[in-house]
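Novice: Below you will find the structure I want to go over with you.
Readers should treat all values here as calculations from the given coordinates under stated rules, not as data from a laboratory. This is a predicted model, so every value here is computed, not measured. With ideal geometry, Cβ positions are generated from the backbone for all residues, glycine too; neighbour counts draw on all protein chains shown.
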């Protein structure tokens, strides 16, 4: 019988492949990995940090020649949107911020607004088409997300940019680091610093 940590490592490795090759989010990737490995649906799942480490490892082994350029293209597009929406104090999160994004990844921008409708009004004023949905916020609460499909020049394809709408008060806990001391999101200055580091 496999020990717990080996099962979790297997789930993480399989989930990492699904994240990179199919563009799945971590949650669905872990659940699909359990199915693919023929494990009990109640198997103990690895946490997101473990999956992220497995994603980094997978990228290093299989995508080292393509992923850095894809990540750079997505970060450049994120920076354009952050400049456009500067008044809403945008912060970049997700794989594009953490450095694990590929051409299949979406861009997640968190906007901190005085008025939750103001970002939507801004898109309407600029005749930007968007879809509204609700997603889980970083405190576990439900937040609105405005999703825009737009061209990504560096990838010659279209990419989804999700604008997640938070209250200004939510900004207080936004920059707390995770268990490894890594930041979960960053503003435009922090993003530009990251982009310089990898040049």
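Novice: Fewest Cβ neighbours within 10 Å first, please rank 162, 91, 139 accordingly. Please list the in-between numbers first.
Specialist: Numbers: 162 19, 91 26, 139 10.
So the residues, fewest neighbours to most, are 139, 162, 91.
Novice: Take the chain, compute every pairwise Cα distance, and split them into 5 Å bins from 0; I just need the percent in each bin.
Specialist: Calculated over all Cα pairs of the chain, the distribution is 1, 7, 15, 18, 19, 17, 12, 7, 4, 1, 0, 0, 0 percent.
Novice: For the chain, what proportion of DSSP beta bridges, expressed in % and rounded to the nearest 5, is antiparallel? Walk me through the numbers on the way to the answer.
Specialist: Details: 19 of 26 bridges.
Bridges in the chain are about 75 percent antiparallel.
Novice: Given points 7 Å out from each Cα along the Cα-Cβ axis, report the residue 147 to residue 104 separation in nanometres with one decimal.
Specialist: Taking the two extended label points, one gets 1.6 nm.
Novice: Provide 20, 142 in ascending order of the number of other Cβ atoms located within 10 Å of each residue's Cβ, fewest first. Walk me through the intermediate numbers first.
Specialist: Numbers: 20 23, 142 9.
Starting with the residue having the fewest Cβ neighbours, the order is 142, 20.
Novice: Related question: Compute the Kirkwood hydrodynamic radius of region 4-62, taking the inverse of the mean of 1/r over all pairs of distinct Cα atoms, and give it in Å to one decimal.
Specialist: Taking the inverse mean of 1/r over all distinct Cα pairs, region 4-62 comes out at 10.9 Å.
Novice: Moving to a separate point now. Once every DSSP H run of n ≥ 4 in the chain is given -39500 (n - 2.57) and the sum is divided by its residues, what mean residue ellipticity at 222 nm do you get, rounded to the nearest 500 deg cm²/dmol?
Specialist: Estimated from H runs of four or more residues: -13500 deg cm²/dmol.
Novice: OK, next. What percent do you get for the relative contact order of the chain when only Cα pairs under 8 Å and 6+ apart count? It would help to have the intermediate numbers written out before the result.
Specialist: Numbers: 286 pairs, mean separation 37.3, N = 199.
Computed value for the chain: 19 percent relative contact order.
Novice: Then there's this: Starting from the Cα coordinates of region 122-199, work out the convex hull volume and express it per residue in Å³.
Specialist: 147
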